[in-house]
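Here is the structure we will look at, set down as structure tokens.
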Amino acid sequence: MSAEQALRVELCEWAKSMFMRGYSSGGAGNISAKLPDGTLIVTPTNSSFGDLVPERLSKLDPQGHWIDGDEPTKEVSMHMAMYQQRPDCQAVVHLHSPWLTALSCLENVDKTNCLPPITPYYVMRVGRLPLVEYFAPGDPKIGEEIAKLAQQHSAVLLSNHGPVVGGTTLRQAFFNAEELEDTARLYLTLLPLGFKTLTDTDVQELNNRYPQK
């Protein structure tokens, strides 16, 4: 199996896992992954994470232009913003996962960091989660706003929409997205009850031990 075919199969397997666990329903969400030559494999427009076919995934050139496969998602610009601003980024995951999407709809969210440091693994995997103001899905302005944040952040939350998460591998991107969703679930569950966070000293120690890439 070629490296490209292996990546196509891996992407479809991860996508189905997300679909089965309710992280993205219907035709929601999109995924991309980079090949060694800089070309990209991307989920097609209106496709479902539950029944992707490896051979039908879209293929883009390094500049994001469609060159093969089914028509790509209309949200390619979000993915390209991550790749262009984060040279180590090899995969991008955009989900409509319910807890993070719920968080993105709250008023008075801290736009510089939507989630407080309630677990070490949120700090270690993502660090901070800034909020991008609302634009209609597919609007190129989403990519422009992500580009302003991506050098310092491997993940962002789109207002009233959902997360966009990068990783140095496809596996890492999904791990990061899962950690974010779990953190949002914990945060919203604890919010009515009150909770404690890691201290600034705790966060700094984690950043020293596990610097964000």
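The values are calculated or read from the model by the stated rules, or taken from the named source; none is laboratory data. Keep in mind it's a predicted model, so treat the numbers as computed, not measured. Don't worry about glycine lacking a Cβ; one is built from the backbone with ideal geometry, like all the others, and counts go over all protein chains shown. Side chains included, ligands, DNA and RNA excluded: accessible areas come from the protein's heavy atoms. Shrake-Rupley method; radii C 1.70, N 1.55, O 1.52, S 1.80 Å.
Hey, can you tell me all the residues within the stretch 155-190 that are under 22 Å from Val109 (Cβ atoms) and either hydroxyl-bearing (Ser, Thr, Tyr) or modelled with pLDDT under 95 (or both)?
Scanning the stretch 155-190 gives Ser159, Thr183, Tyr187, Thr189.
Here is a yes/no grid of residues against (1) more than 14 Å from the chain's Cα centre (by Cα); (2) in contact (Cβ under 8 Å) with a residue 40 or more places away in the chain:
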| position | (1), (2) |
| --- | --- |
| His79 | no, yes |
| Cys89 | no, yes |
| Pro98 | no, yes |
| Cys105 | yes, yes |
| Thr112 | yes, no |
| Thr119 | yes, yes |
| Gln151 | yes, yes |
| Asn160 | yes, yes |
| Gly167 | no, yes |
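Inspect all residues belonging to the stretch 88-101 and state whether any of them is open to solvent by less than 20 Å² (accessible area, probe 1.4 Å), part of a helix (DSSP H, G or I) and modelled with pLDDT of 95 or more.
yes
Out of Arg209, Arg171, which single residue is surrounded by fewer than 16 Cβ atoms within 10 Å (Cβ to Cβ) and within 20 Å of Met80 (Cα to Cα)?
Arg171
What's the number of the condition Ile67 fails, among (1) closer than 22 Å to Gln172 by Cβ; (2) touching an Asp or Glu at 6+ places or on another chain (Cβ under 6 Å)?
Every listed condition holds for Ile67 apart from (1).
Can you tell me which of (1) at pLDDT 95 or above; (2) outside any loop (DSSP other than H, G, I, E, B) is the one Leu115 doesn't meet?
(2)
So how many residues does the stretch 151-168 have that are surrounded by 15 or more Cβ atoms within 10 Å (Cβ to Cβ) and either among the charged types (D, E, K, R) or within 13 Å of Thr112 (Cα to Cα) (or both)?
The total comes to 6.
Which ones in the stretch 28-42 are within 16 Å of the chain's Cα centre (by Cα) and either part of a loop (DSSP other than H, G, I, E, B) or under 18 Å from Ala102 (Cα atoms) (or both)?
Once the filter is applied, which keeps residues that are within 16 Å of the chain's Cα centre (by Cα) and either part of a loop (DSSP other than H, G, I, E, B) or under 18 Å from Ala102 (Cα atoms) (or both), the stretch 28-42 yields Ala28, Gly29.
Outside any helix (DSSP H, G or I), among the polar types (S, T, N, Q) and either farther than 26 Å from Leu188 by Cα or open to solvent by less than 60 Å² (accessible area, probe 1.4 Å) (or both): is that true of Ser77 in this structure?
no
Across the stretch 125-146, what is the number of residues that are in a helix (DSSP H, G or I), out of contact with any strand residue (DSSP E or B) (no Cβ under 8 Å at 6 or more places or on another chain) and open to solvent by 30 Å² or more (accessible area, probe 1.4 Å)?
Residues that pass the stated criteria total 4.
Return the residues of the stretch 43-74 that are in contact (Cβ under 8 Å) with a residue 40 or more places away in the chain, surrounded by fewer than 19 Cβ atoms within 10 Å (Cβ to Cβ) and either assigned to a loop (DSSP other than H, G, I, E, B) or of a type in the set (Asp, Glu) (or both); say none if nothing qualifies.
The answer is Val53, Glu55, Lys74.
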